[in-house]
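The values are calculated or read from the model by the stated rules, or taken from the named source; none is laboratory data. Note that the structure is predicted; figures quoted are calculated from it, not measured. Virtual Cβ from ideal backbone geometry, glycine too; neighbours counted across all protein chains shown. Heads up: the accessible areas ignore ligands, DNA and RNA and are worked out on the full protein's heavy atoms, side chains in. Shrake-Rupley method; radii C 1.70, N 1.55, O 1.52, S 1.80 Å.
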Amino acid sequence: MTDTLKDFRSICRKIICIGRNYSEHAKELGNVVPTQPIIFMKPSTALVIEPNDIKIPSEWDELHHEVELGVIIDKTCQNVSKEEAEENIGGYCLALDMTSRKIQDDLKKQGHPWLLSKGFDTSCPCGDFIEKNQIDLSSVNLWLNVNENIKQNGHTCDMIFSVPDLIVFISKYITLEHGDLILTGTPSGVGPVKRGDQITAGINGKDDFKYTMKFNVV
Ligand SMILES: O=C([O-])CC(=O)C(=O)O
Ligand SMILES: [Mg+2]
């Protein structure tokens with residue numbers, strides 16, 4: 001792992017996101033559980049870091065919060081095998097996939113891409129680099145509070161497609177590069193936030209490792 005990866009938020013060239021990777025979340029929005037990963041992207045301009053705010057675009061009233069585990073790619077790779085997948089991971093981060101559910105629903109009905117609903121500026125709040133050895137992929141807890149009320153509390157053991165499976169799938173079609181970020185999907189409990197709300201999110205990893213971040217919604 002090279003040192004520049006600690007600064008992944010400024011070198012990241014692409015953010016690849018997974019949709020419906022937890023069956024409880026697929027069901028809560030009335031979607032079928034996928035049989036292969038659903039992928040979409042956010043532009044790197046979607047990234048926002050503390051102490052900056054999540055900005056709801058002016059014509060919209062609310063966004064949905066989705067807390068997710070972010071995987072940061074170390075080595076540029078294509079066509080990765082399941083055995084090699086782990087070697088290409090440089091570290092992790094806590095991330096939010098902020099979504100205009102109303103816009104996404106309208107786009108879905110029309111069969112259009114989701115980009116506008118999920119790729120606007122500040123739609124990807126992201127925490128600091130987390131060392132690989134702090135995370136055991138089979139037992140990561142992700143949680144999210146809105147105004148001190150718990151809304152999401154999930155475990156990566158409930159992912160439909162594991163992180164290695166996702167790297168195998170994506171790298172078959174898209175070259176993964178140093179600093180790329182993969183958002184691995186949200187557990188259930190997504191819901192609205194409005195201007196004036198505060199989101200606190202956290203990740204609990206190995207050996208009491210804990211990381212939290214806080215964002216105001218404006
Ligand atoms: O908008 C959605 O429900 C798809 C998605 O990003 C997720 O499951 O994390
Ligand atoms: Mg998501």
(message) Can you give the FRET efficiency to the nearest 0.05 for TYR173 and GLU87, using r as the Cβ-Cβ distance and R₀ = 25 Å?
(response) 0.80
(message) Please report the antiparallel percentage of DSSP beta bridges with both residues in segment 20-147, rounded to the nearest 5.
(response) 85 percent
(message) Which aspartates and glutamates, if any, have their Cα less than 13 Å from the Cα of LYS194, not counting same-chain residues under 8 positions apart?
(response) ASP53, GLU59, ASP61, GLU62
(request) Mind ranking 8-18, 93-103 by how tightly packed they are, going by the mean number of other C-beta atoms within 10 angstrom, highest first? (result) 93-103, 8-18
(message) Give me the dipole magnitude in Debye, nearest 20, for segment 68-218 about the Cα centre, with unit charges on the beta carbon: positive for Lys and Arg, negative for Asp and Glu.
(response) 760 debye
(request) Any chance you could list the semi-axes, whole Å, largest first, of the equivalent ellipsoid that the Cα gyration tensor gives for segment 94-218, using √(5λ)? (result) 23, 22, 14
(message) Using only DSSP helix segments of four residues or longer, with each worth -39500 (n - 2.57), what per-residue ellipticity at 222 nm results for the chain after dividing by its residue count and rounding to 500?
(response) -4500 deg cm²/dmol
(message) Output needed: percent of Cα pairs per 10 Å distance bin for the chain, bins running from 0 to the one holding the longest distance.
(response) 9, 37, 40, 14, 1
(message) Quick check: the distance between the Cα centres of segment 143-218 and segment 70-138, to the nearest angstrom?
(response) 8 Å
(request) Using only Cα atoms, figure out Rg for segment 55-121 and give it as a multiple of 2.2 N^0.38 Å. (result) 1.49
(request) Could you look at the chain and say what percent of its accessible area is carbon and sulfur, using a 1.4 Å probe and all protein chains? (result) 49 percent
(request) Just name one of ILE49, VAL33, VAL71: the one whose Cα is farthest towards the positive end of the charge dipole of segment 1-155 (beta-carbon charges, Lys/Arg +1, Asp/Glu -1). (result) VAL33
(request) Only Lys, Arg, Asp and Glu count, each charged at its Cβ (+1, +1, -1, -1), so figure out the dipole size of segment 12-134 about its Cα centre, rounded to 20 debye. (result) 480 debye
(request) Take peptides 121-129, 35-43, 140-148 and line them up by average Cβ neighbours within 10 Å, highest first, as a rough protection proxy. (result) 121-129, 140-148, 35-43
(request) Would you mind checking the pairs LYS75/LYS206; LYS109/LYS132; LYS151/LYS172 and listing those with alpha carbons more than 32 angstrom apart? (result) LYS109/LYS132; LYS151/LYS172
(message) Could you work out how much longer the chain between LYS194 and ILE150 gets when fully extended? Use 0.36 nm per residue separation minus the Cα distance between them, nm to one decimal.
(response) 14.2 nm
(request) For the chain, build the charge dipole from Cβ charges (+1 Lys, Arg; -1 Asp, Glu) around the Cα centre, then report which of PRO113, SER23, LEU176 sits farthest towards its positive end. (result) PRO113
(request) At 7 Å along the Cα-to-beta-carbon direction for both ASP53 and ASN31, put a label point, then send me their distance in nm to one decimal. (result) 2.9 nm
(message) For the ranges 182-188, 72-78, 108-114, 171-177, what's the packing order if you count other beta-carbon atoms within 10 Å of each residue, average per peptide, and put the highest first?
(response) 182-188, 72-78, 171-177, 108-114
(request) Starting from the Cα-Cα distance between VAL218 and ASP106, subtract it from 0.36 nm times their residue separation and give me the gain in nm to one decimal. (result) 38.0 nm
